[in-house]
There are 2 protein chains.
Amino acid sequence: MSGPDADAPFGLTPGTVLPNGRGRTGVITTPHGEIATPAFIAVGTKATVKAVTPEAVAGLGAQAVLANAYHLYLQPGSDLIDAAGGLGRFMNWPGPTFTDSGGFQVMSLGVGFRKVLAMDAAGVADDDVIAEGKERLAHVDEDGVTFKSHLNGDLHRFTPEVSMRVQHEIGADIMFAFDELTTLKNTRGYQEESVERTHRWAARCLAAHRALTDERVGKPYQALFGVVQGAQYEDLRRKAASGLAALEVDGQRFDGFGIGGALEKENLGTIVGWVADELPFDKPRHLLGISEPDDLFAAIENGADTFDCVNPSRVARNSAVYTADGRYNLLTAANRRHLGPIEDDCDCYTCAHYSRAYLHHLFKAKEMLSATLATIHNERFTVRLVDHIRASIEQGRFDAFRAAFLGRFYARR
Amino acid sequence: MSGPDADAPFGLTPGTVLPNGRGRTGVITTPHGEIATPAFIAVGTKATVKAVTPEAVAGLGAQAVLANAYHLYLQPGSDLIDAAGGLGRFMNWPGPTFTDSGGFQVMSLGVGFRKVLAMDAAGVADDDVIAEGKERLAHVDEDGVTFKSHLNGDLHRFTPEVSMRVQHEIGADIMFAFDELTTLKNTRGYQEESVERTHRWAARCLAAHRALTDERVGKPYQALFGVVQGAQYEDLRRKAASGLAALEVDGQRFDGFGIGGALEKENLGTIVGWVADELPFDKPRHLLGISEPDDLFAAIENGADTFDCVNPSRVARNSAVYTADGRYNLLTAANRRHLGPIEDDCDCYTCAHYSRAYLHHLFKAKEMLSATLATIHNERFTVRLVDHIRASIEQGRFDAFRAAFLGRFYARR
């Protein structure tokens with residue numbers, strides 16, 4: 001295989017657009033290949049999609065892999081990945097790669113996310129929630145975040161500049177700006193402050209990115225996405241999105257945008273829509289951390305192009321599998337002697353070659369292959385669903401496909 | 001792929017013979033394909049080679065897989081595997097398969113093997129060793145063995161007839177007769193009794209095998225190997241081997257032979273030689289449970305054709321890897337930033353695509369892919385070593401190859 005093209009342009013070529021003017025198909029071009037969108041991106045947090053070889057990841061149709069700057073900074077170190085030729089070379093994944101900035105992880109790890117996030121107490125609405133938590137592992141100030149490693153408790157500091165250097169060393173095709181994570185428990189006042197801080201950090205990220213791009217000549221271009229925060233507030237989300245869209249530092253603008261942070265499932269489509277309305281149409285938008293079917297439809301309808309989530313592989317390791325008829329657990333007695341595949345109509349490697357009875361046995365015996373096979377199925381399920389949504393947009397039958405798919409998937413609710 | 005040929009003959013076609021008249025190459029024909037011998041057989045105890053897909057097992061050159069009747073009887077049950085079309089179909093391995101009889105496992109599991117084996121106290125030479133052990137989990141009588149499941153403590157009973165039915169249901173191409181396991185700690189008197197009992201059990205296995213073969217018409221023929229015991233005693237080993245070689249019940253003879261039981265490493269070649277001298281030259285011989293390079297050379301020189309051992313994959317899961325220059329551990333600091341492969345001259349998938357630094361990272365991060373990649377390397381190392389030994393016999397340079405290989409492998413001792 002020939003090496004990546006250092007001069008390859010990065011960008012989105014929009015395709016078919018939904019009648020609402022927001023949802024669309026497209027093609028993202030990166031130095032390591034194209035991504036047909038909408039697309040579900042496989043998560044490889046620590047430079048491995050857990051329990052699955054890169055060939056199997058490609059075989060199940062994943063077009064790109066998303067790793068995490070926080071985890072790889074702590075171990076094995078971004079300088080080592082740089083020395084190894086970058087993330088793709090290091091992990092044997094020749095296709096496009098993303099890295100999350102670490103903004104989420106520096107603040108959420110070591111404390112129970114959704115229960116308590118350790119940040120300025122002034123920003124926390126519900127002190128009872130704080131009381132459930134452990135020792136504070138992260139502290140936010142104007143310059144950045146000081147946090148303790150969840151591995152060994154060592155103290156570290158991430159700033160926009162550190163995150164940019166780490167992500168340049170890791171070398172993914174698409175990086176995210178370093179942002180502050182908030183939760184629905186934070187006060188409106190804190191969310192306002194936080195969005196403004198994230199904007200200031202975004203400007204510092206653009207400056208650092210420009211300087212690093214110039215410094216590291218000859219490397220493939222790495223695209224930088226700004227991350228839109230603002231929780232559940234329409235005005236904050238719109239302001240954050242339009243602000244990042246307009247931001248230019250040293251001639252550098254964001255190549256795309258991430259949509260992150262606190263949101264309730266029922267508002268997901270609405271929030272993506274607010275943001276999409278403020279962002280340039282011809283730049284890609286990545287929604288961080290979703291994979292449930294109804295969320296995927298809502299996000300795509302409102303203009304999100306790519307998604308990632310640990311959920312399909314995490315639940316697979318706990319023997320839960322997705323099918324067109326909903327989710328079930330392979331360890332239930334009903335599957336002990338079931339000689340059919342996980343799902344009759346599935347085209348994945350696991351369904352082609354293995355019975356539920358075999359998978360039940362592997363999970364019961366705690367054999368590692370159980371995680372491998374169930375992960376392949378769940379990742380394929382999610383990738384294929386998004387592929388089918390893409391086709392439905394191209395063929396003008398998005399609404400019909402959504403009604404049919406979600407009606408069947410959630411029929412047992 | 002077409003199904004197995006129910007009428008395919010089973011047998012060994014000997015090839016080149018060493019000057020000593022014992023060691024040889026050959027081809028074993030089974031209903032699911034041929035095995036060029038000598039050959040290292042991958043262990044798939046619970047119907048999975050731990051952490052590796054069957055395609056990867058084939059890709060690393062393994063010609064056959066050996067599963068275990070005891071484990072599969074307890075879970076998922078041999079009747080289920082029968083209903084699923086047999087072991088190969090159940091686990092998606094289209095090639096030849098073996099099952100060990102469970103004789104070893106019913107007596108060794110739940111108690112520390114080599115420390116104490118729970119059997120008739122009269123047969124145990126060293127009472128201090130017994131004292132180290134836990135509750136007795138197995139009791140041998142003339143008819144069979146009563147044992148407690150290591151999974152849940154349930155009481156079970158294996159007899160020659162039960163083992164044969166279980167192994168017929170599992171459906172491997174090569175099965176082993178149910179034998180009694182002894183240890184070097186047993187008295188000479190107990191070893192004599194045990195060899196005689198194993199011979200009587202062998203006759204019952206042949207009778208049960210004949211009846212099951214006649215009963216289960218239309219299934220591919222399953223070959224049955226008698227297991228030669230006798231510990232370190234030349235007269236007992238020779239008597240056991242010649243007795244099993246001559247044994248015929250209802251017109252049924254053994255299709256091959258296993259060499260099992262207690263032996264010290266330094267006597268391995270000698271014991272295999274005694275046994276080989278007593279066995280028919282044109283039937284295959286499987287030596288149970290070896291994989292260390294010096295043991296493989298000694299066994300092959302003295303007439304063993306196939307081998308199995310959990311060791312290459314077990315140590316791989318503990319980050320230890322084999323190379324032509326001996327074994328080392330990927331977790332040592334020396335490998336933290338080493339960007340070369342495990343072994344420069346290795347042709348395995350892992351060495352082709354991954355650095356020691358990446359593997360060090362995966363092991364440190366406790367990522368499952370670490371076990372997958374290290375197992376592929378160690379299994380490939382062992383399979384390839386035996387392939388090279390086979391070639392050296394064919395090319396008349398066995399002694400020279402052994403001297404060179406072992407000299408280098410053990411140079412650091």
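The values are calculated or read from the model by the stated rules, or taken from the named source; none is laboratory data. The shown structure was predicted, so the numbers you read here are calculated from the model rather than taken from an experiment. Reconstructed Cβ throughout: ideal geometry from the backbone, glycine too, with neighbour counts over all protein chains shown. Quick note on the areas: whole protein, heavy atoms, side chains included, nothing else; ligands and nucleic acids left out. Shrake-Rupley method; radii C 1.70, N 1.55, O 1.52, S 1.80 Å.
Odds and ends about this structure:
- Checking each residue of segment A:283-293 against the condition of being touching a residue at least 60 places away in the same chain (Cβ under 8 Å), in the same structural domain as residue A:199 (by TED's automatic domain parsing) and part of a strand (DSSP E or B) gives at least one match.
- Looking only at segment B:360-382, and only at residues there that are touching a residue at least 40 places away in the same chain (Cβ under 8 Å) and among the aliphatic types (A, V, I, L, M), the one that is most open to solvent (accessible area, probe 1.4 Å): B:368
- Considered as a group, the residues in segment B:54-84 that are free of Cβ contacts under 8 Å to residues at least 12 places away in the same chain and open to solvent by 30 Å² or more (accessible area, probe 1.4 Å) include one that is nearest to the other protein chains (Cβ to nearest Cβ), and that residue is B:83.
- Unique match (being open to solvent by less than 20 Å² (accessible area, probe 1.4 Å) and in a loop (DSSP other than H, G, I, E, B)) among B:225, B:254: B:254
- Segment A:85-100: number of residues that are farther than 18 Å from residue B:368 by Cβ, of a type in the set (S, T, N, Q) and open to solvent by 20 Å² or more (accessible area, probe 1.4 Å): 0
- Filter result for the condition that a residue is farther than 27 Å from residue A:187 by Cα and at pLDDT 95 or above, over A:279, A:224, A:268, A:247: A:224
- Residue tally, condition surrounded by 13 or more Cβ atoms within 10 Å (Cβ to Cβ), among the charged types (D, E, K, R) and more than 23 Å from the chain's Cα centre (by Cα), over segment B:399-413: 2
- Subset tally (residues that are touching a residue at least 40 places away in the same chain (Cβ under 8 Å) and either within 7 Å of another protein chain (Cβ to nearest Cβ) or surrounded by fewer than 22 Cβ atoms within 10 Å (Cβ to Cβ) (or both)) for segment A:343-359: 1
- Within segment B:27-41, the set of residues being in contact (Cβ under 8 Å) with a residue 24 or more places away in the chain and either in contact with an Asp or Glu (Cβ under 6 Å, 6 or more places away or on another chain) or part of a loop (DSSP other than H, G, I, E, B) (or both) comprises B:30, B:31, B:32, B:37, B:38, B:41.
- Which numbered condition residue A:188 misses (of (1) open to solvent by less than 10 Å² (accessible area, probe 1.4 Å); (2) within 24 Å of residue A:243 (Cα to Cα)): (1)
- Residues satisfying the stated conditions in segment A:210-221, i.e. open to solvent by 50 Å² or more (accessible area, probe 1.4 Å) and assigned to a helix (DSSP H, G or I): A:210, A:211, A:214, A:215
- Qualifying residue in segment B:402-411 (condition: more than 14 Å from chain A (Cβ to nearest Cβ), over 22 Å from residue B:27 (Cα atoms) and assigned to a loop (DSSP other than H, G, I, E, B)): yes
- Selection within segment B:27-53 - among the small types (Gly, Ala, Ser) and within 14 Å of another protein chain (Cβ to nearest Cβ): B:42, B:44, B:47, B:51
Per-residue answers, yes or no, for (1) open to solvent by less than 30 Å² (accessible area, probe 1.4 Å); (2) under 30 Å from residue B:364 (Cα atoms):
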| position | (1), (2) |
| --- | --- |
| A:149 | yes, yes |
| A:154 | no, yes |
| A:169 | no, yes |
| A:172 | yes, yes |
| A:181 | yes, yes |
| A:194 | yes, no |
| A:208 | yes, no |
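- The residue that is most open to solvent (accessible area, probe 1.4 Å), counting only those in segment A:257-276 that are over 24 Å from residue A:222 (Cα atoms) and out of contact with any helix residue (DSSP H, G or I) (no Cβ under 7 Å at 6 or more places or on another chain), is A:266.
- Looking across A:24, A:89, one residue alone is of a type in the set (Lys, Arg), more than 15 Å from the chain's Cα centre (by Cα) and within 14 Å of chain B (Cβ to nearest Cβ). It is A:89.
- The single residue among B:326, B:340, B:396 that is at positive phi and either open to solvent by less than 10 Å² (accessible area, probe 1.4 Å) or within 12 Å of chain A (Cβ to nearest Cβ) (or both) turns out to be B:326.
- The number of residues in segment A:310-323 being in contact with a His (Cβ under 8 Å, 6 or more places away or on another chain) and open to solvent by 50 Å² or more (accessible area, probe 1.4 Å) comes to 0.
- Filtered by the rule that a residue be crowded, with 24+ Cβ neighbours inside 10 Å and within 19 Å of residue A:21 (Cβ to Cβ), segment A:277-296 gives A:284, A:285, A:287.
- Scanning segment A:228-251 for residues that are more than 15 Å from residue A:183 (Cβ to Cβ) and not in a helix (DSSP H, G or I) yields A:228, A:247, A:248, A:249, A:250, A:251.
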